[in-house]
Structures are given as structure tokens and as C-alpha cells.
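Below: one structure, written as C-alpha cells.
The values are calculated or read from the model by the stated rules, or taken from the named source; none is laboratory data. Predicted model, so just to flag it, every value in this text is computed and none were measured. When we count neighbours, we look across all protein chains shown, and the Cβ atoms used for this are built from the backbone with ideal geometry, even at glycine.
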Amino acid sequence: MITFTISAPDEQIRPALIAKINDLTKPKGALGRLEELALQVGMIQQTLSPSLQHPCNVLFGADHGIVEEGVSVSPKEVTWQQMMHFAYGKRGGVNFLCRQHDFTLKLVDAGVDYDFPADSGIIDMKVRKGTRNYLHEAAMTHEELALCLERGAGVVRDCHEEGCNIISFGEMGIGNTSSSSLWMHAFTHIPLDACIGAGSGLDKDGVRHKYEVLKAAWDNYAGDGTTPDIIRYFGGYEMAMAVGGMLQAAELHMVILVDGFIMTNCLLAASRLYPAVTDYAIFGHQGDEAGHKLVLDYMQARPLLSLGLRLGEGTGAICAYPIVDSAIRMLNEMDTFSHASVTKYF
């Protein structure tokens with residue numbers, strides 16, 4: 001299986017970054033989270049003058065075998081239909097936000113149960129036409145997990161070679177809140193019922209049924225309990241590729257913008273493999289999916305936004321991008337007390 005070299009950013013530059021931030025023409029700490037973000041990005045890029053270049057949103061799509069158990073109000077075909085809509089219609093939620101904030105959108109078929117036309121622009125990295133039903137067996141094999149991690153990493157390397165240094169990840173996969181809930185339960189030990197929500201719109205009875213199915217799947221699990229085994233047993237191909245992408249981004253010292261419930265759990269899984277990946281992550285928003293706040297709190301993450309989003313696709317991460325941009329502009333465009341004719345005040 002692919003390995004990564006990920007370490008925390010070098011601390012030597014921290015005092016100089018803090019000194020520069022504190023010398024800006026404002027009371028110390030007056031720009032709050034912007035100052036924290038400027039410090040984090042400066043640490044990631046190891047410079048006093050960080051920049052955001054060629055932002056990309058990589059959206060992985062795949063189908064889930066667990067959908068056979070009625071855990072989602074949406075039918076499976078929505079996965080491929082939405083992927084086609086993103087590619088051809090270009091009027092999905094993720095499309096207008098990418099246009100607004102000048103993100104390059106990369107659509108990746110990780111395992112959709114559909115054959116996309118060759119001219120769709122969707123990158124073909126299909127591992128299989130959907131995972132297996134983990135109520136009865138592992139969603140993917142060890143070999144498939146390894147392939148997902150490598151392919152997710154490969155997409156990010158391509159983005160980096162195109163000049164990208166800040167990246168977000170999105171997903172399209174009916175049933176993937178179920179997989180995310182099981183990852184969350186396995187990695188945090190938060191009670192399963194607290195990890196499960198309505199997904200794309202289940203009612204109270206639907207959520208109860210979803211819990212019963214996932215509880216049975218968890219009870220049936222007979223793996224070794226290691227992080228890779230949990231990932232491959234309950235995960236989706238799109239989720240495993242996102243994990244590989246996040247790890248590659250951290251190795252390349254890229255800023256990772258984290259989207260909603262599913263991508264937060266992907267980062268959680270990635271951090272179980274390489275804990276330092278979290279140093280490169282900025283959490284975009286706290287969504288409405290039940291369990292999202294709990295997993296964010298577990299990770300001691302402070303999301304930038306709380307807009308009631310639960311769409312996925314990378315939308316919340318992209319919405320948060322202008323705040324990160326403001327932090328970088330603060331560091332690069334504000335004058336300093338040492339340069340301006342302003343008496344330093346606190």
C-alpha cells in the first residue's frame with residue numbers, strides 16, 4: 001500500500017510569522033481568526049508572505065452497496081445523474097461556487113455504477129461499479145483500498161503540478177453518510193445512534209431503519225479493527241480516494257479545505273493513518289448532518305462557517321475559501337507599525 005511522508009510544519013518560522021502579524025496596523029489579535037489562519041498557512045508554506053494559487057475542488061463519485069438496504073431516501077441512480085449534471089449541465093451547487101471563487105473542478109469516477117461517455121470530462125479512475133454491501137461482507141478488498149489511496153493521491157499530484165497549493169474535496173455517492181457514520185463510530189467510539197442522521201432527507205422512521213441496518217452491519221464486523229481494515233470494510237471508493245488525496249496534499253504542503261460530514265470523517269480516517277495531516281487542514285463549515293458537530297468537537301476542530309449546509313460536493317469548503325483569502329491578504333497587504341507613521345496601540 002502507498003506510503004506518505006507527512007510531518008508537522010517546521011516550527012522555526014513561527015516566531016517571525018507571529019511578529020509580522022502582531023506588527024500589522026491593528027490592535028494585537030483584533031483580526032481574530034484571520035490572524036490564526038494567516039499563521040497556519042504561513043507555517044504550511046514556510047513563508048512570511050504566503051499565497052493561494054490555482055485552487056482546486058476534487059469531487060469523487062462512487063456508489064455504495066449498502067443502499068440495497070434502504071438507508072437512503074435517494075435512489076442509487078442519483079449518483080451518476082448528478083455526476084453527469086456537474087459535467088454537462090454545469091449548474092449544480094458545486095459548479096456555481098467553483099465559478100464564483102475561481103476553483104478548477106475535477107470530477108473523478110471512483111466507482112460509479114454507470115459507464116460515463118468518454119467526452120464527459122469525468123476522470124475515469126473506477127475501481128468497481130460500486131462497493132459491496134457491508135451488511136454482509138467488506139465493502140472493498142485490501143487491494144481495492146490500496147488502489148483508491150494511490151489514485152486519490154495521483155489526482156492531487158496532478159493538481160499540484162498544475163500550480164495548485166490549496167485544495168478542497170467533495171463527494172457524490174448515495175449512501176455515503178452511512179459509511180461516514182460507521183467510520184465515525186469506529187474511530188471516535190461515539191455511540192452509533194449519535195453518529196447517524198437523515199442524510200439526503202430520511203424521516204424519523206427512515207433514520208431508525210438506517211440505525212438498525214448500520215448497527216447490524218457493525219455487529220457483523222469480524223475484521224481486525226485496524227484503521228485500514230475499518231476504512232476498507234465500511235468505506236466507499238470515493239471516500240478512500242479522498243483519504244489518499246488528503247494525505248498526498250499534506251505531503252506536498254498544500255492547504256486542505258475540509259468540507260462537511262463525509263469529508264470530515266475522511267480527514268479523521270486520514271489522521272488515524274498519519275496524525276500530522278490535521279496540521280494542513282482548515283475546516284470549512286459545520287453542517288446540519290447529525291453527528292457533524294460531534295466529530296468536529298472530537299477532533300478539536302473550529303469550522304469557519306455554520307450555514308446549515310448538508311449538500312456535500314465540496315460546497316462548504318469552497319464557501320469558506322474567501323475567509324482564508326482574506327487572511328492571506330491581511331498578511332500581505334496591511335501595512336506595519338514599523339513602516340507606517342502610526343503609533344503602535346494594543
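For region 108-137, a residue qualifies if it is of a type in the set (Asp, Glu) and under 20 Å from Gly65 (Cβ atoms), and the qualifying residues are Asp109, Asp113, Asp115, Glu137. Only one entry of Asp229, Asp219, Asp259, Asp205 meets the criterion of being in contact with a strand residue (DSSP E or B) (Cβ under 9 Å, 6 or more places away or on another chain) and either of a type outside the set (A, V, I, L, M) or under 13 Å from Ala290 (Cβ atoms) (or both), and that entry is Asp259.
As a summary of the residue check, Ala290 satisfies the conditions (1) under 18 Å from the mean Cα position of the chain (by Cα); (2) aliphatic (A, V, I, L, M); (3) modelled with pLDDT under 95; (4) part of a helix (DSSP H, G or I) except for the one numbered (4). Scanning region 21-33 for residues that are among the aliphatic types (A, V, I, L, M) and either under 25 Å from the mean Cα position of the chain (by Cα) or assigned to a helix (DSSP H, G or I) (or both) gives a single hit, Ile21.
State yes or no: is Phe96 of a type outside the set (D, E, K, R), crowded, with 24+ Cβ neighbours inside 10 Å and either farther than 20 Å from Met246 by Cβ or free of Cβ contacts under 8 Å to residues at least 12 places away in the same chain (or both)?
Working: of a type outside the set (D, E, K, R): yes; crowded, with 24+ Cβ neighbours inside 10 Å: no; either farther than 20 Å from Met246 by Cβ or free of Cβ contacts under 8 Å to residues at least 12 places away in the same chain (or both): yes.
In short, no.
Yes or no, residue by residue, for (1) in contact with a Gly (Cβ under 8 Å, 6 or more places away or on another chain); (2) among the charged types (D, E, K, R); (3) on the phi > 0 side of the Ramachandran plot:
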{"site": "Lys215", "(1), (2), (3)": "no, yes, no"}
{"site": "Thr226", "(1), (2), (3)": "no, no, no"}
{"site": "Ala242", "(1), (2), (3)": "yes, no, no"}
{"site": "Met254", "(1), (2), (3)": "no, no, no"}
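For Leu135, are the conditions met, namely being part of a helix (DSSP H, G or I) and touching a helix residue (DSSP H, G or I) at 6+ places or on another chain (Cβ under 6 Å)? Outline the logic, then answer.
Numbers: part of a helix (DSSP H, G or I): no; touching a helix residue (DSSP H, G or I) at 6+ places or on another chain (Cβ under 6 Å): yes.
In short, no.
Only one entry in Gly152, Gly170 is buried (at least 24 other Cβ atoms within 10 Å of the Cβ), closer than 19 Å to Lys76 by Cβ and of a type in the set (Gly, Ala, Ser), namely Gly170. When region 34-92 is filtered for residues that are within 22 Å of the chain's Cα centre (by Cα), of a type in the set (Ser, Thr, Tyr) and more than 27 Å from Glu238 (Cβ to Cβ), only Ser51 remains. Scanning region 185-238 for residues that are among the aromatic types (Phe, Trp, Tyr) and surrounded by 20 or more Cβ atoms within 10 Å (Cβ to Cβ) turns up Tyr233, Phe234, Tyr237.
It is to be established whether one or more residues within region 311-332 are crowded, with 21+ Cβ neighbours inside 10 Å, under 30 Å from Gly175 (Cβ atoms), among the aromatic types (Phe, Trp, Tyr) and at pLDDT 95 or above. Yes - at least one qualifying residue is present in region 311-332. Has region 300-316 got at least one residue that is touching a residue at least 40 places away in the same chain (Cβ under 8 Å) and either touching a Cys at 6+ places or on another chain (Cβ under 7 Å) or more than 23 Å from Ala242 (Cβ to Cβ) (or both)? So far as region 300-316 goes, no, none of its residues is touching a residue at least 40 places away in the same chain (Cβ under 8 Å) and either touching a Cys at 6+ places or on another chain (Cβ under 7 Å) or more than 23 Å from Ala242 (Cβ to Cβ) (or both).
Just checking, does region 63-81 include any residue being of a type in the set (Ser, Thr, Tyr), farther than 17 Å from Phe169 by Cβ and in a helix (DSSP H, G or I)? Break it down stepwise before answering.
At the first step, the residues of region 63-81 found to be of a type in the set (Ser, Thr, Tyr) are 72, 74, 79.
Now restrict to residues that are farther than 17 Å from Phe169 by Cβ: 72, 74.
Adding the requirement that they be in a helix (DSSP H, G or I) leaves none.
Checking region 63-81: not a single residue is of a type in the set (Ser, Thr, Tyr), farther than 17 Å from Phe169 by Cβ and in a helix (DSSP H, G or I).
If only one of Glu162, Glu171 is at pLDDT 95 or above, of a type in the set (D, E, K, R) and farther than 26 Å from His292 by Cβ, which one is it?
Details: Glu171 fails: farther than 26 Å from His292 by Cβ.
None of the other options fit; the residue is Glu162.
Is it the case that some residue within region 9-20 is under 30 Å from Pro275 (Cβ atoms), under 21 Å from the mean Cα position of the chain (by Cα), part of a loop (DSSP other than H, G, I, E, B) and not small (Gly, Ala, Ser)? Yes, the conditions are met somewhere in region 9-20.
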